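First up is the structure itself, then whatever we jot down about it.
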Amino acid sequence: MATPVVDQDACVGCGTCESICPECFEIREDGKSWVICNSCEEAGCNCEEAAESCPVSAITIE
Ligand code: SF4
């Protein structure tokens, strides 16, 4: 089961992942992206595209 993980030390809060995959990513008040889904399959989204689009490569799919 593929689950996205955000390295919050690396995340700059640009919002790209949330735009691509709002089912799995949410930018919170701390300016960081939080993972809000349990798995990519369950959410039916494309986390891999979000991971590839992150400008600081903060997203990994585990
Ligand atoms: S795309 Fe990357 S840097 Fe931008 S909010 Fe998402 S995890 Fe953070």
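Any residue that is in a helix (DSSP H, G or I), at pLDDT below 95 and within 9 Å of the chain's Cα centre (by Cα) - is there at least one of those in the stretch 32-47? Within the stretch 32-47 (the criterion being in a helix (DSSP H, G or I), at pLDDT below 95 and within 9 Å of the chain's Cα centre (by Cα)), the answer is yes, since at least one residue qualifies.
Sub-7 Å Cβ pairs linking a first residue in the stretch 34-45 that is over 12 Å from P22 (Cβ atoms) to a second residue that is in a helix (DSSP H, G or I), at least 6 apart or interchain, are C40/C47, ordered by first then second residue. Summed over the stretch 48-62, residues that are of a type in the set (A, V, I, L, M, F, W, C), outside any loop (DSSP other than H, G, I, E, B) and either surrounded by fewer than 17 Cβ atoms within 10 Å (Cβ to Cβ) or on the phi > 0 side of the Ramachandran plot (or both) total 1. Residue pairs whose Cβ atoms lie under 6 Å apart, separated by 6 or more positions or on different chains, with the first residue in the stretch 7-33 and surrounded by fewer than 18 Cβ atoms within 10 Å (Cβ to Cβ) and the second of a type in the set (A, V, I, L, M) and part of a loop (DSSP other than H, G, I, E, B), are D7/A58; A10/V56; A10/A58; V12/V56; E26/I36.
The values are calculated or read from the model by the stated rules, or taken from the named source; none is laboratory data. Every value quoted in this text rests on a predicted model; they were computed, and no experiment measured them. Backbone-built Cβ (ideal geometry, glycine too); neighbour counts: all protein chains shown.
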